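Worksheet: the structure to be examined is printed underneath.
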2 protein chains.
Amino acid sequence: MVSPELSHQYSPMAKPHVRNKTHPCLTDGFLFLGGAFFALLIVWSFSSLLNSAPRFDSTPLSEAKATSEARSPGCAANLRYDPPDETFYDDQELSYSIEKKIEDWDEKRKRWLKLHPSFAAGARERVVLVTGSQPKPCKNPIGDHLLLRFFKNKVDYCRIHGYDIFYNNVLLNPKMNSFWAKLPVVKAAMLAHPEAEWIWWVDSDAAFTDMEFKLPLERYRNHNVVVHGWPKLIYEAKSWTSLNAGVFLIRNCQWSMDFMDTWANMGPIGADYAKWGQIQRSTFKDKIFPESDDQAALIYLLYTEKDKYYDNIYLEGEFYFEGYWLEIVPTYDNITGRYMEIERRVRTLRRRHAEKVSESYAAQREQYLKEAGNGRGSWRRPFITHFTGCQPCSGDHNQMYSGETCWSGMVKALNFADNQVLRKYGFVHPDLRDSSLVSPVPFDFPDDGPWG
Amino acid sequence: MVSPELSHQYSPMAKPHVRNKTHPCLTDGFLFLGGAFFALLIVWSFSSLLNSAPRFDSTPLSEAKATSEARSPGCAANLRYDPPDETFYDDQELSYSIEKKIEDWDEKRKRWLKLHPSFAAGARERVVLVTGSQPKPCKNPIGDHLLLRFFKNKVDYCRIHGYDIFYNNVLLNPKMNSFWAKLPVVKAAMLAHPEAEWIWWVDSDAAFTDMEFKLPLERYRNHNVVVHGWPKLIYEAKSWTSLNAGVFLIRNCQWSMDFMDTWANMGPIGADYAKWGQIQRSTFKDKIFPESDDQAALIYLLYTEKDKYYDNIYLEGEFYFEGYWLEIVPTYDNITGRYMEIERRVRTLRRRHAEKVSESYAAQREQYLKEAGNGRGSWRRPFITHFTGCQPCSGDHNQMYSGETCWSGMVKALNFADNQVLRKYGFVHPDLRDSSLVSPVPFDFPDDGPWG
């Protein structure tokens with residue numbers, strides 16, 4: 001017979017929820033742990049699921065794997081990955097020629113970037129600088145030497161800021177020669193560099209004279225082309241010097257392709273080339289030579305089709321997007337002095353550093369340049385000094401100035417710029433007119449010590 | 001009086017563990033959920049802790065934050081970050097001069113890299129190419145034009161492979177002129193680029209003629225210097241042409257600093273400069289000119305101190321780490337033909353693509369080049385064609401060849417190389433002797449279609 005205790009425990013009538021009297025905490029404990037375990041199981045499953053499945057779309061796992069292949073370690077752009085998926089490159093209608101139009105370029109670039117995800121980071125600010133000169137040796141005996149130095153100058157700037165640079169020295173379209181030659185190169189570069197948001201044409205006779213200054217791309221976020229220019233000089237003065245077409249930034253997009261198509265057709269490939277020369281000459285009284293030129297053509301488009309072009313072409317007049325050498329060259333020594341003054345006061349600006357972190361010091365220097373101004377009359381380093389009218393290659397400079405003024409001006413500009421580069425390698429040209437002589441830069445230069 | 005049921009429930013003697021009979025599941029449920037909640041709380045706390053605390057070391061949170069600042073979005077190298085922490089740059093004893101030794105360079109570089117974590121990715125393969133020429137215009141009328149083209153060639157190669165390039169055109173040490181001038185530049189570059197594992201000196205008269213080929217750095221993992229050379233020609237033939245010092249790879253490390261110190265002191269800055277000239281002349285019977293030169297000095301070190309140098313200096317003889325132009329130039333047309341044959345057979349190699357993914361096609365092409373061989377007698381594109389003895393700048397070429405052979409050879413080499421670049425921009429030089437003429441590259445070139 002069952003004992004009263006036990007019978008009550010098991011009595012169906014009472015139906016108490018009775019636990020084993022030996023391990024009441026253990027049972028509760030199991031319940032508790034069971035809940036904990038269950039929760040962890042859910043969290044782990046969820047986590048595994050999130051990490052293995054592709055995100056945001058329904059691409060199959062094989063594509064997700066391909067995407068991970070597409071990214072190289074360290075997230076640098078993967079130069080070794082070009083998937084077989086069709087892009088605009090596989091379209092037999094595609095032409096690199098300035099004479100053939102392209103359609104849907106925005107979609108085509110977008111697709112290429114999507115297929116090459118390792119290029120996504122930084123895509124919106126990626127710039128390729130394009131420059132160049134003629135295929136044959138220069139007529140001016142020191143022409144090629146100067147071009148070499150101007151090219152080195154650009155390579156230095158690009159190295160400091162992480163831009164790619166392409167030097168062109170062939171005529172891509174036999175009709176588009178002289179100043180028109182840049183348009184076929186820019187178009188080809190846009191197609192060769194779908195990873196680039198901007199192509200930056202810089203004439204062979206333009207030098208970077210502020211190695212630290214960066215293009216304020218944010219300023220141009222709503223525009224597709226940037227040139228140095230002033231609206232008043234276009235719409236009121238109708239001047240051929242209202243802007244300079246020797247340095248321009250152009251966004252790698254369909255609008256730009258269409259614009260370049262229009263622009264180029266005012267040149268030698270266009271049916272109305274001869275007519276354009278006459279129209280430009282009669283519109284811009286200070287246009288010197290008779291043939292249609294790229295600069296006059298650009299001003300003409302802005303002048304006559306303001307609605308279409310003014311909102312897309314940024315006329316940058318607030319700093320030396322490119323600057324007239326004649327007014328700039330005499331200011332270098334003073335500018336050097338002003339910057340040295342700042343460095344004498346500010347210890348961190350005297351600090352030696354790796355060339356690759358120069359932008360950090362540029363940012364620090366900025367606060368001390370607030371009083372410097374910008375552009376003409378300022379003592380800020382001019383961004384770009386452009387030797388318009390000097391023609392270093394042919395030597396056929398504008399008769400307004402002597403050749404000697406041009407060449408010696410170039411030497412000063414190039415040495416002024418080189419000093420900003422060479423400093424990171426421990427040296428400086430003490431005299432801007434002397435390209436050969438360099439001196440070591442002492443530690444903590446230009447601090448003169450307690451007696452300075 | 002308590003009913004028998006209830007009295008048994010509450011009887012101290014039985015001590016059953018009794019639950020409220022109304023919500024037995026709810027209570028269990030609460031226990032279970034309690035366990036689950038507790039587990040989730042633990043997981044969340046742990047996760048928060050892991051994400052906020054610095055890892056691997058005991059750096060304070062401020063440093064961890066600085067580290068996250070140090071990394072720019074997309075993991076590209078952060079050009080805008082140079083922390084205030086002391087590095088070798090802040091040591092007033094540091095000198096960029098070839099005449100001053102440096103100590104503990106390995107530790108100093110390591111510390112710099114640690115403070116600049118955004119440069120860590122790819123650090124072990126990071127290369128900076130250094131080249132250059134004299135400060136003044138060349139004596140040879142076409143000298144600077146050729147130098148300009150050779151420079152463009154190097155810039156093209158570096159752009160394709162993501163290397164930085166520095167062109168030097170000043171004499172950093174007035175005594176170290178001529179072929180000795182490169183050593184001060186290499187040292188300065190090592191200090192200016194602590195982010196670079198390798199500095200690659202390439203003479204101004206050397207051109208890349210295989211734009212796709214990459215340095216097999218893995219091959220050199222146990223060495224600090226790489227030159228084109230052959231042990232037999234050093235240790236048996238004692239020849240001045242046993243290696244070429246015009247193209248060398250040098251690891252950015254203390255061993256290299258010490259080695260360059262020794263090397264440079266066999267040059268004009270060394271006390272025994274005159275003596276070295278005599279020693280070299282008598283050791284290497286085919287050394288032409290009397291003064292101590294960098295190439296003879298290097299061979300001499302390998303020859304006399306084999307134990308010290310042979311294991312550190314890689315004598316690369318298996319491909320054209322640099323190749324003698326005289327034997328190479330006549331092979332370009334044949335090589336062009338062989339590569340075109342492959343492309344006719346292999347559709348993917350005909351595919352147009354962005355210049356930036358050229359390495360992908362290089363990798364694909366490799367399998368078809370297995371029969372090509374390497375170096376002399378092969379039909380593989382020679383990596384570098386070096387115009388030793390041509391002296392493009394002065395024009396004082398070795399009398400063994402005519403100037404015309406030199407210049408026309410250079411033009412062929414430069415156009416042969418340029419064709420590999422220009423192709424990505426849609427054009428090609430149909431004739432290697434003609435630098436001016438380019439033609440558009442048709443879609444699917446060089447496939448001739450079904451009748452080809």
Mind checking how much accessible area A and B bury in total, 1.4 Å probe, in Å² rounded to 100? 8700 Å²
With every protein chain left in place, what is the accessible area per residue of chain A in square angstrom, probe 1.4 Å? 46 Å²
With θ set to phi - 60° and the Karplus curve 6.51 cos²θ - 1.76 cosθ + 1.60, what are the ³J(HN,Hα) couplings of segment A:250-262 in order, to the nearest whole Hz, using x for Gly and Pro? 9, 6, 7, 8, 5, 4, 5, 4, 5, 4, 5, 4, 4
So what's the net charge close to A:Lys101: Lys and Arg +1, Asp and Glu -1, counting the other residues with Cβ under 9 Å from its Cβ? -3
Sticking with the crude label model, points 7 Å out along Cα→Cβ, report the distance from A:Lys306 to B:Ser402 in nm, one decimal please. 6.5 nm
Pull up the cross-link candidates among the aspartates and glutamates for A:Lys139, meaning alpha carbon to alpha carbon under 17 Å and not fewer than 8 places away within one chain. A:Asp205, A:Asp396, A:Glu404, B:Asp144
Please give the average number of partner chain Cβ atoms lying within 10 Å of the Cβ of each residue in B:178-187, rounded to a whole number. 1
For the protein assembly as shown, give the magnitude of the charge dipole about the Cα centre (Cβ charges: +1 Lys/Arg, -1 Asp/Glu; no others), in debye to the nearest 20. 1260 debye
Counting other Cβ atoms within 10 Å of each Cβ, which trypsin sites (Lys or Arg not before Pro) in segment A:260-351 have at most 10 and sit in a DSSP loop? A:Lys285
B:Asp448 label points, 7 Å along Cα→Cβ, one per copy: pairwise distances from this copy to the rest in nm, shortest first? 7.8
What does the charge count near B:Arg351 come to, summing +1 for each Lys or Arg and -1 for each Asp or Glu among other residues with Cβ under 12 Å from its Cβ? -2
Residue by residue through segment B:264-276, the couplings from Karplus 6.51 cos²θ - 1.76 cosθ + 1.60 with θ = phi - 60°, in Hz, x for Gly and Pro, are 4, 6, 8, x, x, 7, x, 5, 9, 3, 4, 5, 4
So how far apart, in nm, are the two label points at A:Asp286 and A:Ser178 if each is 7 Å from Cα heading toward Cβ? 2.0 nm
Accessible area, probe 1.4 Å, largest first, for residues A:Ser394, B:Ser239: A:Ser394, B:Ser239
Is there a simple number for the mean count of other chain Cβ atoms within 10 Å of the Cβ of residues in A:194-207, and what is it? 1
In a shell of Cβ-Cβ distance under 15 Å around B:Ala372, excluding B:Ala372 itself, what net charge do Lys and Arg (+1) and Asp and Glu (-1) give? 0
Given Cβ charges of +1 for Lys and Arg and -1 for Asp and Glu, the option among A:Tyr309, A:Ser436, A:Phe289 whose Cα lies farthest towards the positive end of the dipole of chain A is A:Ser436
Could you work out how far the C-alpha centroid of segment B:130-144 sits from that of segment A:271-285, in angstrom? 42 Å
What relative contact order, as a whole-number percentage, does segment B:343-452 give when Cα pairs under 8 Å and 6 or more residues apart are counted? 25 percent
Whenever you get a sec, compute what percent of the accessible area on chain A sits on carbon and sulfur atoms (1.4 Å probe). 56 percent
Inter-copy distances for B:Ala120, label 7 Å out on the Cα-Cβ vector, sorted ascending, nm, one decimal, are 2.3
Percent antiparallel among DSSP beta bridges with both residues in chain B, to the nearest 5? 50 percent
Using DSSP loop states and a limit of at most 14 other Cβ atoms within 10 Å to flag GluC sites (Glu not before Pro), what is the longest stretch of chain B containing no flagged site? B:104-235
Obtain the nm distance between the two label points defined at A:Phe37 and B:Asn222 by a simple spin-label model: each point lies 7 Å from its Cα along the Cα-to-C-beta direction. 5.4 nm
What does the copy distance list look like for B:Leu437, label position 7 Å along Cα→Cβ, in nm and ordered from shortest? 5.0
Work out the charge dipole of chain B with +1 on the Cβ of Lys and Arg and -1 on the Cβ of Asp and Glu about the Cα centre, then indicate which of B:Ala274, B:Ile250, B:Ser97 is farthest towards its positive end. B:Ile250
Exceeding 28 Å between C-alpha atoms, which entries from my cross-link table qualify? They are A:Lys108/B:Lys214; B:Lys100/B:Lys152; A:Lys101/A:Lys287; A:Lys175/B:Lys424; A:Lys152/A:Lys238. A:Lys108/B:Lys214; B:Lys100/B:Lys152; A:Lys101/A:Lys287; A:Lys152/A:Lys238
With n ≥ 4 as the cut-off for DSSP H runs, can you work out [θ] at 222 nm for chain B, using -39500 (n - 2.57) per run divided by the number of residues, rounded to the nearest 500? -12000 deg cm²/dmol
Please average, across the residues of B:132-139, the number of beta carbons from any other chain that are within 10 Å of each residue's own beta carbon, and give a whole number. 4
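The values are calculated or read from the model by the stated rules, or taken from the named source; none is laboratory data. Keep in mind the model is a prediction, meaning the values are calculated, not measured. Don't worry about glycine lacking a Cβ; one is built from the backbone with ideal geometry, like all the others, and counts go over all protein chains shown. Please note that ligands, DNA and RNA were not included when accessible areas were found on the heavy atoms of the full protein model with its side chains. Shrake-Rupley method; radii C 1.70, N 1.55, O 1.52, S 1.80 Å.
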